[in-house]
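Student: First the structure, which I've put down as structure tokens, then a few questions once you've had a look.
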Amino acid sequence: MTIIIFIRHGQSTSNVSKILSHDINTYPLTEEGVTQAKDAGKELMKLKVEKIYTSPVLRAYQTALIIGETLGIFPIVDQRLRERSLGELNNTTFDPNDHWKLKVFKKQMEIKGLESWEDMTKRMKSFLESVINKDNNVIAAVSHSDPIRAIVTYILDMDDISGWGVRIPNASLTSLKCENNIDSCKVLSIGSPLLTPQILSKLNMNIKAF
């Protein structure tokens, strides 16, 4: 059995400025984002986390380093956890009240170079399959909103639009429990700010007293 805790990166300068970006070395964490990452690390101390994987994108990598410092674990970069490739939307601003995804779905606009939801889901499935094993262990993985939503909605048998209401806030914790393969995975929390006693009881493994 494997527990995977997906953590979205802490608040970044791109979040504050409402900029879409898949760039590797731009848009670091804000002061608030650093605090959020520290808080996420404290929450993960409730579990015996063995490994931390992270997207190579700066805001995620910084988050993983802060969490890793708290847990005494150095993060492992995994390209499959990277931000969605945004094509010609990269480094553009967006209006959350006039979402580009709905325009694409309704065929009101076309975005060259945009990574499809299916391709993003495929790489997230590949990551998940690679870390599931028969031993009782806990894995943390720092990624981004869309990639985390992609794997959650896959397990819940939804696509991007049907899972529109799935929200992954900055530095939130999304918990999966997998027996021996991806088809056995269950979603135990989505975008939670805390690992509550209820969540921990559902995880039912390697729980530290707190």
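Student: Restricting the first residue to segment 130-144 and requiring it to be at negative phi, which pairs with a second residue that is crowded, with 24+ Cβ neighbours inside 10 Å and small (Gly, Ala, Ser) meet a Cβ separation below 7 Å and a spacing of at least six or different chains?
Tutor: VAL142/SER55; VAL142/ALA60; VAL142/ALA64; SER143/SER55; SER143/ALA60; HIS144/SER55; HIS144/ALA60
Student: For segment 1-96, please list each of the helices (runs of 4 or more DSSP H) lying entirely inside it that holds at least 3 residues being under 16 Å from the mean Cα position of the chain (by Cα) and surrounded by 21 or more Cβ atoms within 10 Å (Cβ to Cβ).
Tutor: On the way: elements: 13-17, 31-44, 58-71.
Of the helices (runs of 4 or more DSSP H) lying wholly inside segment 1-96, those with at least 3 residues that are under 16 Å from the mean Cα position of the chain (by Cα) and surrounded by 21 or more Cβ atoms within 10 Å (Cβ to Cβ) span 31-44, 58-71.
Computed from the coordinates by the stated procedures, all read-outs in this text should not be read as laboratory data. Nothing here was measured: the structure is a model prediction, and the numbers come from that model. Note: ideal-geometry Cβ built from the backbone for every residue, glycine included; neighbour counts use all protein chains shown.
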